[in-house]
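S.K.: Take a look at this one; I'll ask things after.
Where a number appears in this text, it was derived from the coordinates with a stated rule and is not lab data. Keep in mind it's a predicted model, so treat the numbers as computed, not measured. Please note: Cβ atoms are built from the backbone with ideal geometry, for glycine as well, and neighbour counts cover all protein chains shown.
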Amino acid sequence: MIGIVIVSHSHKIAEGVSELADQMTQQRVRVIPAGGVDDETIGTNADRIHDAILRADTGDGVLVLLDLGSAVMSAQIAVEMLPADVQSRVQLSEAPLVEGAIIAAVEASLGHDLDKVRAAADAACSMQKLR
């Protein structure tokens, strides 16, 4: 099953988004938070993201969702730190963090592959909330 990593500058935001995704999928998907420099400091930490990817990985792939700015750079560094075989099954998503995480978790819980999970999450970029 596809694993999901939630990268946010805030530890609390990453934890909250992970909790929401877990609730929506009844904890059938590994949704691992990787927020903050540490549990108290705002920022991103490539080592935390690296560890989260390894924890989320079941061999089927990992989708990494990001909040903004340096989260992308930290996630890219984290992926580069992984063994080549793991790198090949990790993708970063353009999706908005909350909506993308929920959609990705639901798609992963249905057993879809990494490309389909990512495409569904990325489609949240154009999702309308209000009509």
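S.K.: Taking amide H positions as placed 1.01 Å from N in the peptide plane, with prolines and chain starts having none, which residues 5 or more places from residue 92, or on another chain, fall under 5 Å of its amide H?
M.R.: Amide H neighbours of residue 92: 64.
S.K.: If you build a Gaussian network model of the chain, linking Cα atoms that sit under 10 Å apart, which residue out of 88, 109, 70 swings the most?
M.R.: 88
S.K.: Provide the net charge surrounding residue 104, with neighbours chosen by a C-beta distance below 14 Å and charges set as Lys +1, Arg +1, Asp -1, Glu -1.
M.R.: Summing Lys/Arg as +1 and Asp/Glu as -1 gives -4.
S.K.: So if I take the centroid of the Cα atoms in the stretch 8-58 and the same for the stretch 103-123, what is the distance between those two points in Å?
M.R.: 17
S.K.: Here's a follow-up. Just to be sure I understand the model, the point goes 7 Å from the Cα along the line to the Cβ. What's the resulting residue 85 to residue 28 distance in nm?
M.R.: 2.8
S.K.: Given H placed 1.01 Å from N in the peptide plane, which residues other than close sequence neighbours of residue 32 have an amide H under 5 Å from its amide H?
M.R.: 4, 5, 6
S.K.: For the stretch 1-120, what does the equivalent ellipsoid look like in terms of its semi-axes, each the square root of 5 times an eigenvalue of the Cα gyration tensor, given largest first in whole Å?
M.R.: Semi-axes, largest first: 19, 16, 12 Å.
S.K.: Residue 10's amide H: which non-local residues (gap 5+, or another chain) put their own amide H closer than 5 Å, with H modeled 1.01 Å from N in plane and none for Pro or chain starts?
M.R.: 36, 43
S.K.: Another one. Residue-wise, which Karplus ³J(HN,Hα) couplings in Hz belong to the stretch 85-90, taking 6.51 cos²θ - 1.76 cosθ + 1.60, θ = phi - 60°, and x for glycine or proline?
M.R.: Coupling constants for the stretch 85-90: 5, 6, 3, 5, 10, 10 Hz.
S.K.: Add +1 for every Lys or Arg and -1 for every Asp or Glu among the other residues with Cβ under 14 Å from the Cβ of residue 74, and state the total. Present the calculation step by step, with values, prior to reporting the outcome.
M.R.: Values: positive: 48; negative: 38, 47, 51, 67, 80.
My count for the surroundings of residue 74 gives -4.
S.K.: Pick from 94, 19, 40 the residue whose mean-square fluctuation is largest in a GNM of the chain, springs joining Cα atoms under 10 Å.
M.R.: Of 94, 19, 40, the most mobile in the Gaussian network model is 40.
S.K.: While we're here: When the dipole is taken about the Cα centre of the stretch 54-131, and only Lys, Arg (+1) and Asp, Glu (-1) are charged at their Cβ, what size is it in debye, to the nearest 20?
M.R.: Taking the Cα centre of the stretch 54-131 as origin, the dipole is about 260 debye.
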